[in-house]
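Laboratory data are not the source of any read-out in this text; all were calculated from the coordinates shown. Source: prediction; values computed, not measured. A quick note on method: Cβ atoms are made from the backbone with ideal geometry, for glycine too, and the neighbour counts reach across all protein chains shown.
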Amino acid sequence: MKSSGNHNTSCKVPAHVAVIMDGNGRWAKARGYERTAGHVAGVDAVRYVIEAASGLGVKYLTLYAFSTENWNRPAEEVEALLHLIVVSLERETPDLVRNNVRLNVIGDIDRLTDESRESLRRSLDATSRCTGLQVNLALSYSSRWEITRAARRMAEMALEGKIRPEDIDENLVASQMTTASMPDPDLLIRTGGDSRISNFLLWQIAYSELYFSPKYWPEFTGDDFVAAVEEFTGRERRFGMTSEQVSACAPNNTNTLQQ
Ligand code: FPP
């Protein structure tokens, strides 16, 4: 399977898929379990989706695991969720390496405990030479945090005389985002039945295709991921151009959907 370029216009495997994994709490509640049981069940869905994305030849998969706003949840849930994420990652790391999956974290991880950060660091280091799918875990992440940080960095660069205000263009702003080295998401999937973005990758999803699934995250399977990608491949992406322009300048991208 060949890898894809930055902009897919039609019938192509998305290079970058972002996922808002929502509905763990409701999944648990519907079964009479504690909310944290939903998060535990959600880890299996993460594994299935990583496998499906890897199998399809997706290059980047960005998962919204813990938002800045999630810090406001009850302390026991915050602690349980972060512990689950860090422990699951460490447990899954050998499998990630076996499958050539590289792990990356985006977000304000200075807010995590030293122990969690060290555990994350071990997983990141262990997968650092993998060259297949890159999984970006958005942890203590929100778009407004990211955009504010970018603005502050550019103000500092200006104060230090490294840039002039007129040097600030879209490329410079993009270079200050946590996703600077990656193509923007082609496809954003949200599970759990709600149709909103919840402070996720607001800069990066300017032209992403959106896909909303009614399924709670723990019920979302590899086949559901493939179905979302299949629907994506049928959409025409115009990036503000006309249909005719898009057909005329379609990139030479042969990364068609196959499994
Ligand atoms: C949203 O459901 C989900 C989260 C806040 C956490 C997502 C985390 C996982 C699935 C575990 C990830 C693990 C790894 C290893 C990456 P919610 O609690 O907001 O559900 P609700 O909307 O039904 O209340």
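Odds and ends about this structure:
- The length gained by stretching the chain between Ala151 and Ser195 to full extension, at 0.36 nm per residue less their Cα-Cα distance, is 13.0 nm.
- Fluctuation leader among Gly193, Gly161, Gly32 - the chain, Gaussian network, Cα springs under 10 angstrom: Gly161
- Taking a ≥ b ≥ c as the square roots of the eigenvalues of the Cα gyration tensor, the chain is classed as oblate, since a/c reaches at least 1.5 and a/b does not exceed b/c.
- Within a Gaussian network of the chain (alpha carbon springs, distance under 10 Å), most fluctuating of Ala80, Ala174, Ala30: Ala30
- Exposed-site-free run, longest, the chain (rule: chymotrypsin sites (Phe, Trp or Tyr not before Pro); DSSP loop; at most 15 other C-beta within 10 Å): 34-206
- Separation between Cα centres of the stretch 134-205 and the stretch 60-106, rounded to whole Å: 20
- Stretching the chain fully between Asp169 and Arg31 yields a gain of 44.7 nm (0.36 nm per residue, less the alpha carbon separation).
- The distance between label points at Glu79 and Ser128 comes to 3.2 nm (points 7 Å beyond Cα on the Cα→Cβ vector).
- Here the simple spin-label model places points 7 Å from the Cα toward Cβ, and for Gln245 and Leu202 these points are separated by 2.7 nm.
- Peptides 124-132, 163-171 ranked from most to least packed by the mean count of surrounding Cβ atoms within 10 Å: 124-132, 163-171.
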